[in-house]
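Shown next, in structure tokens, is the structure this report addresses.
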Amino acid sequence: MSSILNRFELSSFQRLFNNANQVHKYSGKNTLLILIDMGICILRDKVGYMEYNLFNFVNKPQSKRDTYVTFEYSQYLFKTLNNKEYIDIFNDKLQFNKIFLPIMGREFIDIAESSYEDFVRYCEDKKKIFCKPADSCSGKGIYKSIDIDESTDLKELYDFFKENKLYVEDTIIQHPKMSSLHPESINTIRITTLVNSDGPHIMYALLRIGTDHRMVDNVASGGIYTVLSDNGKIVNPCWSDKTITTYTKHPTTNVDMIGFEIPYFKEAIELCKKAAMIKPEVAYVGWDVAITEKGPVIVEGNPLPGYDMPQNYFASGKDEGLKPKFEELLKNR
């Protein structure tokens, strides 16, 4: 009950009415009746007003609504499939890099365990490097891509990284085709896997794209997303949580996105299947993958993948949720 109350306490009434008004526009149904049905769904189906809109619940019978993964069911999956003793591997980015280095597709160096000479050797033949906090406390907010050339003071950099407890990894240079969508951001693919007794299974793949010349592609910063087809093509519009609408042309670059095909998509799928088997104790993971000219590279793994984005009717074109797929695979755990 508390989680339901929190939905009301934290919800924005303006966004509530915006979503209800949008549902009214595409369904033609009375706004007041939509608001009442939204309230019923919050209590009965444990979905919020945004999910009600995204899942197109207004046009679905209860039998279809029951097929959707909700927040509570996603928490159940997280607790059931992911051994809590191994979760820290994914929360600690440095530890994650050390364990998944064989398949990451790029190098890194732990400054805390490296001498200045080690750092100089690492920087050889590098034109760019990227620094990140080694933990969630030290170096908070320091995420920076740095150019390396003959004029770079490597000792000054090394001391800065050491003092702020940062580690350094190769900067990801994405494939030109991926940059054509939005060049300022690394436009990543979220590929989610579930491991059962039969091995790793792909639950879904979606593409996130930055907007407004921002350097990140995450939805909270205004990014857009769409669910990809099984062969890695954009076949549905991209959705924006910020504007609560869809786009077939990129809102900033005006690139026509429908029909766009992800380079190295098959290789990205296989990479995530390999990654899933390195620590199968964490059986439910969303892998963020970037595409370079040489192929896919893993950015990070998330043991609590989002459940709403892959079930978005407007970005997936599907009238059924993912719950039956999960339940079928859970039979062989």
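The values are calculated or read from the model by the stated rules, or taken from the named source; none is laboratory data. This is a predicted model, so every value here is computed, not measured. Here the Cβ positions follow ideal geometry from the backbone for every residue, glycine too, while neighbour counts run over all protein chains shown. Quick note on the areas: whole protein, heavy atoms, side chains included, nothing else; ligands and nucleic acids left out. Shrake-Rupley method; radii C 1.70, N 1.55, O 1.52, S 1.80 Å.
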Revision key, fill the gap. Out of (1) assigned to a loop (DSSP other than H, G, I, E, B); (2) touching a residue at least 12 places away in the same chain (Cβ under 8 Å), the one SER151 does not meet is (2)
Study note, to complete from the structure: Selection over region 220-241 where residues are closer than 23 Å to ASN19 by Cβ and out of contact with any Lys or Arg (no Cβ under 7 Å at 6 or more places or on another chain) yields a count of 10
Practice item. Could you grab the pairs with beta carbons closer than 6 Å, sequence gap of 6+ or different chains, first residue in region 64-78 and in contact (Cβ under 8 Å) with a residue 24 or more places away in the chain, second one acidic (Asp, Glu)? Key: ARG65/ASP45; THR67/GLU320
Exercise for review: Of the numbered conditions (1) of a type in the set (S, T, N, Q); (2) buried (at least 19 other Cβ atoms within 10 Å of the Cβ); (3) at pLDDT below 95, GLN95 fails exactly one; give the number of that condition.
Suggested key: (2)
Practice item. For region 215-225, indicate whether the set of residues that are closer than 21 Å to GLU184 by Cα and of a type in the set (S, T, N, Q) is non-empty. Key: yes
Exercise for review: Could you name every one of the helices (runs of 4 or more DSSP H) located completely within region 17-85 that has at least 3 residues being open to solvent by 70 Å² or more (accessible area, probe 1.4 Å), out of contact with any strand residue (DSSP E or B) (no Cβ under 9 Å at 6 or more places or on another chain) and farther than 30 Å from ASN332 by Cβ?
Suggested key: 31-44
Exercise for review: Scan region 16-33 for residues that are touching a residue at least 60 places away in the same chain (Cβ under 8 Å) and hydroxyl-bearing (Ser, Thr, Tyr) and report the count.
Suggested key: 0
Check your understanding: Applying the selection to region 279-333, what residues are out of contact with any strand residue (DSSP E or B) (no Cβ under 9 Å at 6 or more places or on another chain) and assigned to a loop (DSSP other than H, G, I, E, B)?
Key -> LYS294, TYR307, ASP308, ASP319, GLU320, GLY321
Review point. How many of the residues making up region 101-126 are open to solvent by less than 70 Å² (accessible area, probe 1.4 Å), within 13 Å of GLU169 (Cα to Cα) and in a helix (DSSP H, G or I)?
Key: 5
Exercise for review: Please enumerate the residues belonging to region 272-296 that are open to solvent by 10 Å² or more (accessible area, probe 1.4 Å) and touching a Leu at 6+ places or on another chain (Cβ under 9 Å).
Suggested key: PRO296
Practice item. Of all residues in region 34-63, count the ones that are touching a residue at least 40 places away in the same chain (Cβ under 8 Å) and touching a Phe, Trp or Tyr at 6+ places or on another chain (Cβ under 7 Å). Key: 4
Study note, to complete from the structure: In region 89-127, anything among the polar types (S, T, N, Q) and within 17 Å of PHE160 (Cβ to Cβ) is listed as SER114, SER115
**Study point:** For SER11: the one exception among (1) among the polar types (S, T, N, Q); (2) at pLDDT 95 or above; (3) more than 26 Å from TYR284 (Cα to Cα)
**Key:** (2)
